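Asker: Take this structure, written in structure tokens, and hold onto it; I'll ask about it next.
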Amino acid sequence: MFEYDQEIVEELLDSDINFRKLHDLHHQLKDKVREAEIGTLPLDDFTLARLKKEKLHCKDKMAAIIASHRTERA
């Protein structure tokens, strides 16, 4: 995730509590989705779809923060 912006991600993880919370939540959701898809976490289809949407929403918010930070640095 955000391979090309790894330096900015590391910076934001250290300096932006909101970004860190989104990052942590994204990883928690990613783990839950993976567990549900392989069958170790029993979830109905509706709940799994909701988790995937929430995970994508976190990623979109992080991408916006990264883009804003990149613009500020330029």
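The values are calculated or read from the model by the stated rules, or taken from the named source; none is laboratory data. Keep in mind the model is a prediction, meaning the values are calculated, not measured. Virtual Cβ from ideal backbone geometry, glycine too; neighbours counted across all protein chains shown.
Asker: Which condition breaks for His69 when tested against (1) out of contact with any Leu (no Cβ under 9 Å at 6 or more places or on another chain); (2) in a helix (DSSP H, G or I)?
Answerer: Every listed condition holds for His69 apart from (1).
Here's the yes/no breakdown for (1) under 14 Å from Phe2 (Cβ atoms); (2) at pLDDT 95 or above; (3) touching a strand residue (DSSP E or B) at 6+ places or on another chain (Cβ under 9 Å):
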| residue | (1), (2), (3) |
| --- | --- |
| His27 | yes, yes, no |
| Asp31 | no, yes, no |
| Ala36 | no, yes, no |
| Thr40 | no, yes, no |
| Leu43 | no, yes, no |
| Lys52 | no, yes, no |
| Lys59 | yes, yes, no |
| Ile65 | yes, yes, no |
| Arg70 | yes, no, no |
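Asker: Return the residues of region 1-60 that are under 16 Å from the mean Cα position of the chain (by Cα) and among the small types (Gly, Ala, Ser); say none if nothing qualifies.
Answerer: Across region 1-60, the qualifying residue is only Ala49.
Asker: Output the residue which, of all residues in region 1-48 that are of a type outside the set (A, V, I, L, M) and not in a helix (DSSP H, G or I), is surrounded by the most Cβ atoms within 10 Å (Cβ to Cβ).
Answerer: As a first pass, look at region 1-48 and keep what is of a type outside the set (A, V, I, L, M): 2-7, 10-11, 14-16, 18-21, 23-24, 26-28, 30-32, 34-35, 37, 39-40, 42, 44-47.
Adding the requirement that they be not in a helix (DSSP H, G or I) leaves 2, 16, 39-40, 42, 44.
Values: Phe2: 13, Asp16: 15, Gly39: 8, Thr40: 8, Pro42: 8, Asp44: 9.
Filtering region 1-48 for residues that are of a type outside the set (A, V, I, L, M) and not in a helix (DSSP H, G or I), the one surrounded by the most Cβ atoms within 10 Å (Cβ to Cβ) comes out as Asp16.
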